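The values are calculated or read from the model by the stated rules, or taken from the named source; none is laboratory data. Here the structure is a predicted model, which means the values were calculated and not measured. Using ideal geometry, Cβ is built from the backbone for each residue, glycine included, and neighbour counts are taken over all protein chains shown.
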Amino acid sequence: MLDSTVRPPQLSDYGALIRRQWWLVALAVLLGLAGGVWYTSTQPLVYRSTTEVLVTPTGVDDDAVSASSRTRAEINLDTEAQLLTSTAVVARAADTLGLDSSVEDLADRVRVTVPPNTEVLSIAFTANTASVAQEGANAFAVAYLTNRGEAAKAEIATRQQSRQAQVLPLTESLRAVTDSLVGLAPGSAARAVAEAQVQSLSSQIAVLTAEVNALASTPLTPGRIITEATLPSRPSSPVVPVNLAGGAMLGFLLGCVLALHRQRSDRRLRSAEEVTRVTGLSVLVTIPESSEVWLADPTSAAGRGYVRLRNVLTARVAPDARIILIAGIDADGSEVADNLAATLARTGAEVVLVSTHAGSATAQRLGLARRWAGLSEVLGGQATTSAALQVPPGLETLRVLIPGQDPQRAADLLETEAAANLLSGLRRSARYVILEAPPASSSAQAQTLAALADIALVVIRARTTSANDVDDAIEQFTAVRTPLIGSVLVPPGRRQQRRWGRWAIPSPSRQSSDPPSSNIAALPENATQPLAVPIERPNRSGDGLPHQTKRSKQGSGPRRTQTPAAGDGNAGRGSVSRSAR
């Protein structure tokens, strides 16, 4: 069933992507760190020394403020910081250091900062050696203070000259007025005016003279160095932690880009949410990892997953939908088919499981005889359906039809009308018919069987199945108009040669041709018919297929049913019962 409510990728999806591609991201981070190390090794060593200068009023400003009767203004440290890198200060520092560098180059090696809420300039000077860095910082501090002091002296001298220039005309005017008093009569109005002028001029001259004297005695305080430049113990650049952190960050970003690119090119599906988001196919159940090699224990996590799958199917499948096709996408899906058939049989429903290809491990998983008549013999007319069906131990209502002695011939005969007739008969005899098909990506047989089935279910292996193969399987089933109700997500396939406890499943390509028990006679190489006729009981379902009632006393292995029928080549043969462990 295709899900039309597919949500767009979220941030958590990208986090999962990075976790899946962690090795690629880690490699990119290591490359970034290596790049940071290389960059650090190519950079020249740079030493930095810092000195701090307290900026105080020079005294000239105080005189100007007092002369204009205004309150004292604060020092603009931003302006002072700009003055520290002025041409005059840089040239004076260069002379002190004895360097031939240009003014611009030397100014670029100085950094001036102003700590908040202070009247301090922090002067940092960089050089290739620690001693030059220390000397440069001190030289700039001294050059700045000297330049500021000389500027204050020049300002005082200018003000003194200005006041002296004002005193000279006043003195001449006073001399002229004083001389005019000699010819004026005492008590006359003219004399009174002249005396007033003398007093005014004398007062102005006194004030100017006092200002000149005050300027001459004004103390100059351009500031002072409060922190001497020290000799750097290690270079300030390159900063190894910063370079390594920057390289690691760039490597991480590069790794994320590469992981995203690799994810786009590698469309393997890894989670149920990703299956639905990428392909639109709903996941009915996710089977957890399990160490069981036979049928899953119903009480285990995997067994509970198959019970959930059974419940979903019985709830969604229509009562008249009896034939269920289960096909892997790029690997064998027999494990799901076998466990689903067993889970349905445990409810008491009559279930027939049909395994159609040689790669299936159904016979081993269910403990059936492998050298026994199966699908190839039934479709070829060498055996009846009832003779080829086997009943696994402990599952009374489950009957299994294995591929038979010639699976390739069975695959060819599935294209004929005999396959449709076989499934038609099984539909009447059982509530569910489970068709286990070969992988859809490597064979067209899955599509052929889908045309004969009522519904289809695909098996997706996490981290193995590609979204492209899932899309192709959807197109195959859609082309034959078989409803695809969803998928089952299973963990990555186990190595079948791996042993669990005392049991081991051999690889299908290396299966032994021997029967699982010495109590079962081997089928001769040229035999085309089964060699046993098991015990029958009356058929309660009216489907024409006999049921079995009891096991052989020789063991608790699988049972087989066979009914001689006219024209099937088995009439007149004696009945022999045998069972396998």
* Counting only residues that are modelled with pLDDT of 90 or more and more than 20 Å from residue 259 (Cα to Cα), which one in the range 1-38 is surrounded by the fewest Cβ atoms within 10 Å (Cβ to Cβ)? -> 38
* What are the residues in the range 277-306 that are part of a helix (DSSP H, G or I), more than 21 Å from residue 341 (Cβ to Cβ) and either of a type in the set (A, V, I, L, M) or in contact with a Ser or Thr (Cβ under 6 Å, 6 or more places away or on another chain) (or both), if any? -> 278
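Rundown of residues vs (1) surrounded by fewer than 17 Cβ atoms within 10 Å (Cβ to Cβ); (2) of a type in the set (D, E, K, R); (3) in contact with a Ser or Thr (Cβ under 9 Å, 6 or more places away or on another chain), yes/no style:
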site	(1), (2), (3)
179	yes, yes, no
182	yes, no, no
194	no, no, yes
202	yes, no, no
208	no, no, no
217	yes, no, no
220	yes, no, yes
229	no, no, yes
* **Of all residues making up the range 319-370, the number that are under 43 Å from the mean Cα position of the chain (by Cα), buried (at least 23 other Cβ atoms within 10 Å of the Cβ), of a type in the set (A, V, I, L, M) and part of a loop (DSSP other than H, G, I, E, B)** => 1
* Just give me the residues in the range 315-337 being in contact (Cβ under 8 Å) with a residue 12 or more places away in the chain and of a type outside the set (A, V, I, L, M), in sequence order. => 316, 320, 322, 328, 330, 332, 333, 334, 335
* Say whether the condition of being of a type outside the set (Ser, Thr, Tyr), touching a residue at least 12 places away in the same chain (Cβ under 8 Å), part of a helix (DSSP H, G or I) and under 20 Å from residue 210 (Cβ atoms) is met by at least one residue in the range 168-188. => yes
* **residue 230 being more than 21 Å from residue 49 (Cα to Cα), over 22 Å from the mean Cα position of the chain (by Cα) and not in a helix (DSSP H, G or I)** => no
* **Checklist (1) in contact with a strand residue (DSSP E or B) (Cβ under 9 Å, 6 or more places away or on another chain); (2) under 30 Å from residue 132 (Cβ atoms); (3) of a type in the set (S, T, N, Q) applied to residue 282, failing item** => (2)
* Inspect the range 382-404 for any residue being part of a helix (DSSP H, G or I) and free of Cβ contacts under 8 Å to residues at least 60 places away in the same chain and give the result as yes or no. => no
* To do: Quick one: in the range 122-141, of everything that is hydrophobic (A, V, I, L, M, F, W, C), in contact with a strand residue (DSSP E or B) (Cβ under 6 Å, 6 or more places away or on another chain) and not in a strand (DSSP E or B), which residue is farthest from residue 223 (Cα to Cα)?
  => 130
* To do: Go through the residues of the range 257-271 one by one and say whether even a single one is outside any loop (DSSP other than H, G, I, E, B), among the small types (Gly, Ala, Ser) and crowded, with 19+ Cβ neighbours inside 10 Å.
  => yes
* Give the residues of the range 307-318 that are outside any helix (DSSP H, G or I) and loosely packed, with under 14 Cβ neighbours inside 10 Å, sorted by residue number. => 318
* Asked: Does the range 243-252 include one or more residues that are closer than 30 Å to residue 135 by Cβ and part of a helix (DSSP H, G or I)?
  -> yes
* Asked: Are there any pairs, at least 6 apart or on different chains, whose C-beta atoms fall under 8 Å, with the first in the range 126-149 and surrounded by fewer than 18 Cβ atoms within 10 Å (Cβ to Cβ) and the second charged (D, E, K, R) and in a helix (DSSP H, G or I), and if so, which?
  -> 146/92
* Structure fact -> The condition from (1) touching a helix residue (DSSP H, G or I) at 6+ places or on another chain (Cβ under 8 Å); (2) closer than 13 Å to residue 449 by Cβ that residue 420 misses is numbered (1)
* Restricting attention to the range 169-191, does a residue exist that is among the basic types (Lys, Arg), at pLDDT below 85 and assigned by TED's automatic domain parsing to the domain that holds residue 75? -> yes
